[in-house]
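Reading through the structure tokens given below for one structure.
The values are calculated or read from the model by the stated rules, or taken from the named source; none is laboratory data. All of these numbers come straight from a predicted model, not from anything done at the bench. Using ideal geometry, Cβ is built from the backbone for each residue, glycine included, and neighbour counts are taken over all protein chains shown.
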Amino acid sequence: MKQTKWWKNAVVYQIYPRSFQDSNGDGIGDISGIISRLDYLSELGIDVIWLSPVYESPQDDNGYDISDYYAIYHEFGTMEDMEALIREAGKRGIRIVMDLVANHSSDEHPWFVEARKGRDSKYRDYYIWREGDRNQPPNELTSVFGGSAWEWDEESGAYYLHLYSRKQPDLNWENADMRRDMYQMINWWLDKGIGGFRLDVIDTIGKVPDQMITTNGPKLHEYIQELSRETFQHHDIMTVGETWGANVDNAKLYSNPDGSEFSMIFQFEHICANWSEDGKWKQGKKDFVKLKKIFSRWQKELWGKGWNSLFWNNHDLPRVVSNFGDDGRYRVESAKALATFLHGMQGTPYIYEGEELGMTNIHLEDVSQIRDIESLNMYEEYRQQGWSHEELMAAINGAGRDNARTPMQWDDTDNAGFTTGTPWIEVNPNYRTINAKAELADDNSVFHYYKKLIALRKSDAWKDVFMDGTYVPFMEEDEDIFAYTRELGAKRLLVIGNFHDVERTVTLPYAVRKILLSNYQTPQINALQATLRPYEALMAEL
Ligand code: GLC
Ligand code: CA
């Protein structure tokens, strides 16, 4: 019998714990809050929760700076809460995937505290140090969060590397003891019965800073294969690597069906499609044809050779309905169309908290409203380069990470039902109309559409087509329409939609036999002709 990996048919839901549900009124989401919402997730039909980091941390980067991998961040709860979450989720058939930050630790991690004591410290070599002059960093490497990637350490009189904030010193994967300690910790978590790991910026662990190499270093896959062999391969879990530097070629290594590395990766080509050469703060024109072609290439290239993750959103990205859809008049239709386009493809779909409600970006006007370290640093840096306050806020409102981090909108009571206290970050004022309670009560809501989409993907009739069917795009040069079929044996699934606000009539390659899912009440299909209204999308049997 053909063995199918369970995660090929799974749908993952990402939770950013700080913003999901507060249970004790301190304004910060927590693990008990998540437990109280498991029935909601079960109703949606998801199989896996990817939990952004919940480990002990000074929260310089909201938990992506870990000071103790074996403990739970006290404001999120206790280890007992975490075990209860694993258990309670398990009862509902939901597995917990933890977020593992292995590229760096917090500067408050005992390893680093020891390491900076001096060159003889046992942990010195767990990090990346370079000798030098305090006024002259070793080279021009920059941090993703701005400024030099090298920080002068007063205590030991040397530079250490930090590709992210100075409170996130990079770990040295050259060091076998560090790797061994890391595997031990990973196995400790796996023994608790978690469903796997999402590996934070894992493509930078093979860095060669002296040659200015960060992603895709020469020993990267050697390290990942060892990591996988020492840990993951002993368990029936899913793993997903976050790899901004991935391309279709190395993706075949990362997600090799032989299981030697990860189950899958997050690649970001579609996310970066509209960025300028200078990165995300300067966006170019939205090029829909380019976007479609990127997806098509990944779909075709990885078929049979690897496995895709399908995502529009995460805690680092603006809300998809604001970014690629229409968060005004056609918010509901465009949110559903975006979901249709993505979930029809081969791969494991990810839903980021609130995406299933069609949550939108927030509009900030003042620096005091910003919480994200990346946006705060960017504001300072670009201000010095002459950007005006208005330009800065426009860039942050368009691409900043706080857009994803505003509290989950549960209902129309104060603070959207997220907290009875003062939320750590502002709630999007549109929660009075956009919230889970209203969505659950409306059969035509974005929530119910996602629910149907998930159910269709898992249905006996169609699950094999979603999992293994070939991907055949058509109308590839069309600037408004996305269209492809998924084909397996005699079965043919059509996925089609209009990405714009003008009605279009298109010719289908085969006659529609049955509409399976549609975001308008009455699809207008007549033999081979389909008329698609603004953001109309559907799936059908051909
Ligand atoms: C990843 C995380 C992001 C974090 C960074 C550093 O990109 O998704 O939130 O800031 O790594 O850990
Ligand atoms: Ca709390």
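A few notes on this one:
- Residue within region 271-285 that is in a strand (DSSP E or B) and either within 15 Å of residue 471 (Cβ to Cβ) or within 16 Å of ligand 2 (Cβ to nearest atom) (or both) present: no
- Flag for residue 13 being away from ligand 2 (no atom under 12 Å from the Cβ) and modelled with pLDDT of 95 or more: yes
- Checklist (1) without any contact (Cβ under 8 Å) to a residue 12 or more places away in the chain; (2) closer than 30 Å to residue 20 by Cβ applied to residue 461, failing item: (2)
- Pairs with Cβ under 7 Å, 6+ apart, first in region 293-320 and under 23 Å from residue 479 (Cα atoms) and modelled with pLDDT of 95 or more, second away from ligand 1 (no atom under 16 Å from the Cβ) and of a type in the set (Gly, Ala, Ser): 294/273; 310/347; 318/398
- Complete set of residues in region 121-132 that are at pLDDT 95 or above and either surrounded by 15 or more Cβ atoms within 10 Å (Cβ to Cβ) or more than 13 Å from residue 152 (Cα to Cα) (or both): 121, 122, 123, 124, 125, 126, 127, 128, 129
- Helices (runs of 4 or more DSSP H) within region 427-538 that include 1 or more residues over 26 Å from residue 44 (Cα atoms) and at pLDDT below 95: none
- Region 45-61, subset in contact (Cβ under 8 Å) with a residue 60 or more places away in the chain and more than 16 Å from residue 96 (Cα to Cα), residue surrounded by the most Cβ atoms within 10 Å (Cβ to Cβ): 61
- Qualifying residue in region 32-49 (condition: within 16 Å of ligand 1 (Cβ to nearest atom), in a helix (DSSP H, G or I) and not hydrophobic (A, V, I, L, M, F, W, C)): no
- Test result for residue 23, buried (at least 18 other Cβ atoms within 10 Å of the Cβ), within 20 Å of the chain's Cα centre (by Cα) and either touching a residue at least 40 places away in the same chain (Cβ under 8 Å) or within 16 Å of ligand 2 (Cβ to nearest atom) (or both): no
- Among the residues making up region 20-40, those that are closer than 19 Å to residue 99 by Cα and out of contact with any Asp or Glu (no Cβ under 7 Å at 6 or more places or on another chain) are 21, 34.
- Of all the listed residues (121, 106), the sole one being assigned to a loop (DSSP other than H, G, I, E, B), under 27 Å from residue 71 (Cβ atoms) and without any contact (Cβ under 8 Å) to a residue 24 or more places away in the chain is 121.
- Residue in region 133-156 that is surrounded by the fewest Cβ atoms within 10 Å (Cβ to Cβ), counting only those that are touching a residue at least 60 places away in the same chain (Cβ under 8 Å) and on the phi < 0 side of the Ramachandran plot: 140
- Comparison of 102, 89 shows that the only residue that is in contact with a strand residue (DSSP E or B) (Cβ under 7 Å, 6 or more places away or on another chain) and under 21 Å from residue 169 (Cβ atoms) is 102.
- Residue 184 meets the conditions (1) under 26 Å from residue 81 (Cβ atoms); (2) in contact (Cβ under 8 Å) with a residue 12 or more places away in the chain; (3) not in a loop (DSSP other than H, G, I, E, B) in every case but one. The failed one is (2).
- Leading residue by the ranking (surrounded by the most Cβ atoms within 10 Å (Cβ to Cβ)) among those in region 63-81 that are in contact (Cβ under 8 Å) with a residue 60 or more places away in the chain and either assigned to a helix (DSSP H, G or I) or within 16 Å of ligand 1 (Cβ to nearest atom) (or both): 65
- Boolean, residue 313 is buried (at least 22 other Cβ atoms within 10 Å of the Cβ) and within 16 Å of ligand 1 (Cβ to nearest atom): yes
- Hits in region 143-177 - residues which are away from ligand 1 (no atom under 11 Å from the Cβ), within 16 Å of residue 65 (Cα to Cα), among the hydrophobic types (A, V, I, L, M, F, W, C) and in a loop (DSSP other than H, G, I, E, B): 149
- Single condition residue 9 does not satisfy, out of (1) in contact with a Ser or Thr (Cβ under 9 Å, 6 or more places away or on another chain); (2) within 16 Å of ligand 1 (Cβ to nearest atom): (2)
- Residue 26 being at pLDDT 95 or above and more than 16 Å from ligand 1 (Cβ to nearest atom): yes
- Restricting 432, 492 to residues that are in contact (Cβ under 8 Å) with a residue 24 or more places away in the chain and either within 17 Å of residue 333 (Cβ to Cβ) or more than 25 Å from the chain's Cα centre (by Cα) (or both) narrows the list to 492.
- Only residues that are of a type outside the set (Val, Ile, Thr) and within 16 Å of ligand 2 (Cβ to nearest atom) were counted in region 35-52, giving 4.
- Of all residues in region 201-220, those being in a loop (DSSP other than H, G, I, E, B) and not aliphatic (A, V, I, L, M) number 8.
- Single unsatisfied condition, residue 374 versus (1) over 21 Å from the mean Cα position of the chain (by Cα); (2) part of a helix (DSSP H, G or I); (3) of a type in the set (Asp, Glu): (1)
- Lone unmet requirement of (1) more than 16 Å from ligand 1 (Cβ to nearest atom); (2) under 26 Å from residue 309 (Cβ atoms); (3) not in a helix (DSSP H, G or I) for residue 198: (1)
- Residue that is farthest from ligand 2 (Cβ to nearest atom) [pool: residues in region 301-341 that are assigned to a helix (DSSP H, G or I) and over 19 Å from residue 534 (Cβ atoms)]: 301
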